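Below you'll find the structure, written out as structure tokens, and then a few comments.
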Amino acid sequence: MKKLMLLAVVVGLSSLSWAGGRKDSLDRLTNAGMVLNEIMATPDKGIPLEIFENAKCIAVVPRMVKGAFVFGGKHGRGVATCRTAKGWSAPALISVGGGSWGLQIGAEQIDLVMTVMNDQGMQRMLSNKFQVGADAAAAAGPVGRHASAGTDWKADSEILTYSRAKGLFAGISLNGAVVEQDNDSTRDIYRKLIGQRSILSGAVATPASAASFMKAVRNGSNHAHAAEAKKGDKS
């Protein structure tokens, strides 16, 4: 009985978040860019500028589905990019999924953002698959224009995680979630399967279809850099 209920949750989440096909992959790139633009447009309630300025990689999963019926579940598809010597890499297509026990009933759609904060976390993102918590230390990220002095976000967490649901933006725990390369969507965008390390290390040219997402990442990065420089001048 429990196995049947778990299967029902998985199927339900999949039908809501995995439309599939090239159009779905293109829409995901566009939606991920929109999520970043909207978050950076409200800095007092978004990702602190210090976090964006120091992030090694940024991953966005628009319209990720969280649902539960005795069993809890998370499932979504997104895109990620990492810093290279020449700027931000071409986007890698990823999926995020995981299950947990919970006595809740219902479902909601969230926008998920992950910021990778050090080289070790970046190596995890460059791999084709890793588990949050087990393979990469993660924590709910601080929210606001600036990370407070008492927030030790540089110390241990390889990845800081955020969610936005119904207009509210906050840190979220993703422990247990599996992040892996989305092979089908990679083929949709790049016309062939390319390893995630090759894409995120800067060895692959950015496709024209990713222009809006990459522009949003660069705008967010430039805004954070300018704000931090201005902050430094005042001090």
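Some points to look at:
- Full extension of the chain segment joining Lys129 with Glu38 gains 29.9 nm, where the gain is 0.36 nm per residue of separation less the Cα-Cα distance.
- For the residue pairs Lys23/Lys192; Lys45/Lys86; Lys86/Lys215; Lys192/Lys215, the alpha carbons lie more than 21 Å apart in Lys45/Lys86; Lys192/Lys215.
- Gly78 long-range amide H proximity, modeled H, under 5 Å: Ile94, Ser95, Val96
Each value in this text was obtained by applying a stated rule to the coordinates, not by laboratory testing. Owing to the predicted nature of the structure, the values given are computational and were not obtained by experimental measurement.
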